[in-house]
Amino acid sequence: MDPVSAIGLVTEVASIIQTLYDYGQAVKNAQKDIISLCGELTALKSTLALCAEYRNHASPGVDGSDFQKMLLRTRDILGDLAKAARPKSSGPGRVLQSLSWPFTAATVKEKLVALERLKTYFLMAFALENKTASEKLHENMQDLLTLVTEKQMEERQAESTSERRRLLDLIAPTSPDSMHHNACRPWRGTATGMWFCKGKLTKFLDHEDRILLLTGRSGSGKTTIMSRAIEEAKLYSEQHPNVSVAYFYCAYNDLSTRQARNILGSWVAQLAADNQSILDSFPLKLERNTDITTEHLEECLLAASREHRIVLLLDAINESTHGPDLVTSISRLTKESSKIQFILSATPHYPPIRQHLHIPTFNVSMSPKDIEQDIELYIRDQIAQHRVLSRVPAEEIVRVLRPKSEGMFRWVDCQLSFLTAQLTPNAVRAALQTLPGSLDSTYEATLRRVAPPHAALVKQALMWLSFCLRPLRLNELCEAVLFEEGQRSIDEGDRMDEPGDIVRKCITYLLMDPFRRTSGGVKQHQYRLLDYVSKLWAVHAGSVTLTPAETNLILFFFETQRQREGGNFAFWIQHLVPGAQRHDNPTAKSEPLYYAASYGLTDIVRILAESGRLTTNPHPRAGSGEWYVDKKGGRHDSTALQVACWRGHAEIVELLLAAGASPNSRDASGMSCVGAARKGGRKRIVGMLVEAGGKERGEASKGLAVRRVEERVPDTTGEGM
C-alpha cells in the first residue's frame, strides 16, 4: 500500500468541507451538524498542515511507523465520511440525497469524537517534533492510537456480524422457534412423550441408525412427541460434543414452512451457529434477490457432517408441498454421508417415503395404547390449572375422556376447551355426559354453538383460515371478513366458499380506486390485507380451476397495465417486487403474460392464446388488445416461455409454443428454454422444446447459489427467471 502523506490528507479534508458546505445549501435541517463537522475538519486540516511543514524526519519522541499508522487511520475515517456525503451519480439518487441528511445525531457525535482524537494526536505529534513534549505526552498519543484502532476494529466486527446475520436470514427465511415453543407447552412439567424418548429415541441415537420414522394419525399428538424428542436430542448433543442437532416443523397453514428449500435452509442456519465454515461457499454480502438452490444447501449439510455427526429432526413431513423432492434430498444426504441421521414424523403410509426413500428406516407407529398415558397426563395437568375443573375430582373427568379419546390428542383438547367454558362443577359433569364421539361431530357441535348473527362472519373467517397460504394476523382477518366483492373502498366503521372466492376477493381488492396509480402514496398500515393479497393472490389462482367470472376479472385486472402509470397492475408489481418502479429494474417492463406463465395461470394463458391476443409482432397495434408473446421481463429478463419452462408448467409451454413463442429465446445470463427445463428436471418439457426446434448450445454456467428451483419458498414474486 502506498504511504499516506499529511499534505495529501489536507487536500482531502478541504474537499470534504466543500461537499458538506454544498449539503448545507440544500438540507436546511442539518446546518448545525454541518457547522460542527466543518469546524472539527478545519482544525484537523490546520494541524495536518503544521505536521506536513515541520515533519522532515521522525523525532526521537515519535515513532515513524506509529505516525504512518495514524495517517492511515485518518485516511480511512475521512474516506467513510466522504463516501456518505458524496453526491449520488444518478439523477433520482441525487434528488433523494438533496432532501435528506445521511447522518443521525448519534453518527455525527461519533464522527466529531473521532475527528477530535485525530486532531489531538497530530497536535501532540507536532509538539514532539518541536521537542516540547514529554514522555507522558507520548503515552497519551499511544492511548489515542489504541482508541482509534480499537474503535475501527469494533465497527468492522459489528459490520461483519450484521452481514452474517443478514446472510443467515436469506438462507433461512423461516424460523421454527415459535412453533417449537408452542409445541412444548403441553408437556412442560410432565412426563409426556418419555415412552418414546427414553426408549425408541435413545436406542436410535446410541446405535447411530440412519432414519427414524414416527407415524400416527392426524391429531394423535405427533407434534407434541416430536417437540419433546427435539429437546431430548439437544440434551444428547450437550452430553456428546461431537453431535450437532437441527430441527424444523411443517405446518399445514403456513406455506413457508412446507417448502424443501426453507426446511434445508433452516437446518443449515442452525448448524452454522456451531460451525460457520459451512457457509464459506456463500459470499458474505449475498444479494437479497439471489436464488439459493436445494443442491447448494445439501452440500452445506454434507460439509457440516464432515466435522460432526448431525441429527436433523422434521415434524409432519407429510405436510410438505414438495414431499418427493424433500424425501429425495434426505435419501441423497444419507447415502453420501454416514454421519447424518434423520428423525421424521408423518401420517401412516405417506406415499413419497414408500416411493422415494430407498434406505432402511427404524419405524415407530403410535398406537392408542402407546399414548393413553400421555393423554391422561395432559388431562390432569389441564384440570389442575383451571379453577372450575379443579373442583371436580380428576378421576371423573379422566374416566370419561381417556377411553373415548382413542389416542386422539386433538379430540381431547377440543373437549377440554368446551369443559373449561363451563361455569360450575355441576355444569362440567353435565357436559361430560354429552360429549361428541369423534372429531367431525366435535366440529359440528362447535359450529352449532355459533350465534346466528355471527354465522356469516364465522363462515367468512373459516373460509380464509382454511385456504390461506400463511397464518393471517388478526387485523388482516378482520379486514378480510368485512370486504365484499364489488366494493370500491373500505369503510373504517365496518371493521370488526371456496378457494376461488378468495381469488375473486383478492382481485377485487387490488382493483380498488386507491390502487390505480403507483404514485398515490398508499400507506401499508392503511390497508392491512394488502401485503397478503399482493404476494399470494396469484398463488391461490394457480391452484384452483377458475370460473369464467374469475377469469374475466383477472383479464380485466391485467388490462389495467395499459393505463397511465400501469394502473392497478403496476401498483401490484410495485408491492410484489420492491424497487420494481425504477426504470433501470427489468421487472418494471414485465407484462401480464410473464406473470401468468410464472404463476401457472393456465386458464388465463389459454384464453389469451385461443382468442388470438398473443402475437409474434414485437410492436402490437395500439388498441388491439394483443400481447407480444416473446416480451421479456422479470429479474433475469426472461420470456414467458422461459419462465414457464423453469417452473414446470407444461400445459402453458404447449400453449405458448402453439402461439409462436420462440423455443430458442435466452435470458440475460444466456440460459435457453431447453437449459431452464433441463435444470429443473422437466423431461417432458425438454422433449416439447426439442420437437419445436429448441436448442441448448452455448449455455452460460450458473453457480449453485444463483438459480431458484421450483421448491424455493415462498416465491410469491413470480420472479422465476
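The values are calculated or read from the model by the stated rules, or taken from the named source; none is laboratory data. None of the values given here were measured: they were computed from a predicted structure. In this analysis, Cβ positions are derived from the backbone assuming ideal geometry, glycine residues included, and neighbour counts consider all displayed protein chains.
Of the residues Ala700, Ala644, Ala640, Ala676, only one is within 30 Å of Asn262 (Cα to Cα), surrounded by 20 or more Cβ atoms within 10 Å (Cβ to Cβ) and at pLDDT below 90; which?
One residue alone meets the criteria, Ala676.
One line per residue, one yes/no per condition, for (1) within 19 Å of Leu214 (Cα to Cα); (2) out of contact with any Leu (no Cβ under 7 Å at 6 or more places or on another chain); (3) not hydrophobic (A, V, I, L, M, F, W, C):
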| position | (1), (2), (3) |
| --- | --- |
| Ser277 | no, yes, yes |
| Asp280 | no, yes, yes |
| Thr294 | no, no, yes |
| Leu301 | no, no, no |
| Arg306 | no, yes, yes |
| Asp315 | yes, yes, yes |
| Glu319 | yes, yes, yes |
| Gly323 | yes, yes, yes |
| Leu333 | no, no, no |
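List the pairs whose first member sits in the range 356-380 and is over 19 Å from Val400 (Cβ atoms), whose second member is assigned to a helix (DSSP H, G or I) and β-branched (Val, Ile, Thr), and whose Cβ atoms are under 6 Å apart, counting only residues at least 6 apart or on separate chains?
Partner pairs satisfying both residue conditions: His356/Val327; His356/Thr328; Leu357/Val327; Ile359/Thr334.
Within the group Thr547, Thr551, Thr560, Thr602, which residue is over 16 Å from Cys506 (Cβ atoms) and either among the hydroxyl-bearing types (Ser, Thr, Tyr) or at pLDDT 85 or above (or both)?
None of the other options fit; the residue is Thr602.
I'd like to know if the range 160-176 contains one or more residues that are touching a Gly at 6+ places or on another chain (Cβ under 7 Å) and part of a helix (DSSP H, G or I).
Looking for residues that are touching a Gly at 6+ places or on another chain (Cβ under 7 Å) and part of a helix (DSSP H, G or I), one finds at least one in the range 160-176, hence yes.
If you scan the range 333-358, which residues turn out to be among the β-branched types (Val, Ile, Thr), under 18 Å from Thr224 (Cα atoms) and modelled with pLDDT under 90?
Hit for the range 333-358 is Thr347, nothing else.
Output the qualifying pairs, or none if there are none: Cβ atoms under 7 angstrom, residues six or more apart or on different chains, first residue in the range 229-242 and outside the structural domain of Leu213 (by TED's automatic domain parsing), second residue surrounded by 10 or more Cβ atoms within 10 Å (Cβ to Cβ).
Note: no pairs meet the criteria.
Of the residues in the range 88-142, how many are at pLDDT below 75 and small (Gly, Ala, Ser)?
Total satisfying the criteria: 9.
So, of the residues in the range 300-342 that are among the hydrophobic types (A, V, I, L, M, F, W, C) and outside any helix (DSSP H, G or I), which turns out to be nearest to the chain's Cα centre (by Cα)?
Among those that are among the hydrophobic types (A, V, I, L, M, F, W, C) and outside any helix (DSSP H, G or I), it is Leu314.
From the residues in the range 323-332 that are surrounded by fewer than 21 Cβ atoms within 10 Å (Cβ to Cβ) and of a type outside the set (Ser, Thr, Tyr), which one is modelled with the highest pLDDT?
Ranking the candidates gives Arg332 first.
Is it true that some residue in the range 281-302 is under 24 Å from Ala229 (Cα atoms) and polar (S, T, N, Q)?
Looking through the range 281-302, none of the residues is under 24 Å from Ala229 (Cα atoms) and polar (S, T, N, Q).
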